[in-house]
């Protein structure tokens, strides 16, 4: 095999210009795919991280049916003490869960004593919330980077519309699940930057204040947001949790809870899928480039060397070895293109990283692009290029191996 | 035992509605360690006959035994195997592989066809390089040596597997007078040293004059056999 590879490489060197041109084409394809994957991957990861780490969490648990009516924030679908205990027990059985935050979500009226408008609020335990969504404090663009009892974090757009500032006093009025209305004064503790996705424009108060506003005697939770220790374990944690909680049934033998990953909760998931689809399309283009260029060059190689094929066949070279010799040429071309492409691709990604390129996404500005290429990407791209190179060489190689030596020797 | 036995050997080519009888019922025998020449005008069937003996083509009718093996019905792979073990080829255009050096060209059949161990390979290649006087040129590529030198390399390549038979189709056609003589003498020397039979097809009187037995072909038929001693059979 090594001897055939040596001959194959010599034949590639023999047609230097053609080899370099073909290898360059593959190189450009590999570089393009690598850089595109690095940039789109970086953008996707950054956005996912922004969404999950600043308000959504990686996984959320609700009472069955809550998500489909999430727009109305129904207090009647909150989890009560027993249900909360069950969920906490389930969470304790999933080691991949790093932190969790219980939230009471409700809608109410927001008044600055001059004007009144609607508001959506989350009552949370500040420490647990920050552990679960660690980027949350970064969303507080003005005021204290925390949630304090008696204070409210007002969404940026609401604050602008209602012309409220830090330390202003406002009133939140809400109807509890029994239908009675209650109000409570809050000091504006901070202004919260808006985020893309459900709950991205909600205000925040301490959970004790929420209980007071809603006149709840005992705790009732609308949702439990979870953080996974490693994002790669998302599916593992989700499946474990779902298996445990799916066994919790009500009197009608129907599940009590529903578990969702961020993908089911955020519209950004569709953008992420679109990015994945684009990456896949780019990979298909790379496959096409490699397939066409290698096949073209190998067909030419066979056509130009018909007499040589006749000679080696006459000498006694078995058809299988002739086939291998040509396949190895395509394989070597693929390796060369993939190797140079990976080196240049990784270099381009490195240059992009040190260039600190920033971009805006929605209301989020100045996001720093930090493209990364992981070893798996390099391995997958290289393997794809090499396999496609071999496949592209097969037809011309097969033709060479099936050539009648007598006809090949007569070829002029 | 004869090295080659042909009985009523025929070869027809069909081109559209035209049938061409390239060989018409040839019968002959060739002994081991002989120096045989097939002569005749263009289109007489010399190359066709060599192709059949070399298992590059199959006869339409008749039988052909080479080295005790009926080669008239060999499949592609079996034919390649048989050629690799038993037959060496020398071509009019030398047909050296341009990407291999002189040494590597001679080594090729041992390396790729016969998988001979390195030590033995090296010994045989160097010995043949010495015999054909190309030892000093062993690291050159075919485009760096002359036509005569190329044919010497081709002879060495044909003999490196110790074949029982070497087939040479117009081996001196592309060589000048002096070089052609030198190549013929090398082939004769190799025949004497290795006991390999050399069978040529040629127009070249220099080659014809050196052959032990000369078969004359005309229109696909053997018309004459003449031995070097002067015996002629029509």
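The values are calculated or read from the model by the stated rules, or taken from the named source; none is laboratory data. Predicted, not measured: the structure shown is a model, and the values here were computed from it. Please note: Cβ atoms are built from the backbone with ideal geometry, for glycine as well, and neighbour counts cover all protein chains shown.
Summary table below
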| read-out | value |
| --- | --- |
| Listing of strands (runs of 3 or more DSSP E) fully contained in the stretch B:3-57 that carry 3 or more residues being on the phi < 0 side of the Ramachandran plot, surrounded by fewer than 22 Cβ atoms within 10 Å (Cβ to Cβ) and away from chain A (no Cβ under 14 Å) | B:4-15, B:18-30 |
| Filter result (part of a loop (DSSP other than H, G, I, E, B) and modelled with pLDDT of 90 or more) within the stretch B:124-159 | B:138, B:139, B:140, B:141, B:145 |
| Tally, over the stretch B:86-98, of residues that are at pLDDT 90 or above and either out of contact with any strand residue (DSSP E or B) (no Cβ under 7 Å at 6 or more places or on another chain) or more than 10 Å from every other protein chain (Cβ to nearest Cβ) (or both) | 3 |
| Residues that are part of a helix (DSSP H, G or I) and farther than 22 Å from residue B:13 by Cα, drawn from the stretch B:58-79 | B:77, B:78 |
| Residue check, residue A:24 within 28 Å of residue A:268 (Cα to Cα), part of a helix (DSSP H, G or I) and either assigned by TED's automatic domain parsing to the domain that holds residue A:139 or at pLDDT 85 or above (or both) | no |
| Tally, over the stretch A:1-41, of residues that are over 16 Å from residue A:294 (Cα atoms), surrounded by 18 or more Cβ atoms within 10 Å (Cβ to Cβ) and away from chain B (no Cβ under 12 Å) | 10 |
| Condition met for residue A:398 (surrounded by fewer than 18 Cβ atoms within 10 Å (Cβ to Cβ), closer than 19 Å to residue A:320 by Cα and touching a residue at least 12 places away in the same chain (Cβ under 8 Å)) | yes |
| Candidate set: the stretch A:312-331, residues that are assigned to a helix (DSSP H, G or I) and at the interface with chain B (Cβ under 8 Å from one of its Cβ atoms); chosen: the one nearest to residue B:86 (Cα to Cα) | A:315 |
| Qualifying residue in the stretch B:71-84 (condition: farther than 15 Å from residue B:160 by Cα and more than 14 Å from chain A (Cβ to nearest Cβ)) | yes |
| Candidates B:117, B:163, B:142, filtered to the one that is within 26 Å of residue B:65 (Cβ to Cβ) and more than 9 Å from chain A (Cβ to nearest Cβ) | B:163 |
| Selection status of residue A:91, at pLDDT 90 or above and out of contact with any helix residue (DSSP H, G or I) (no Cβ under 7 Å at 6 or more places or on another chain) | yes |
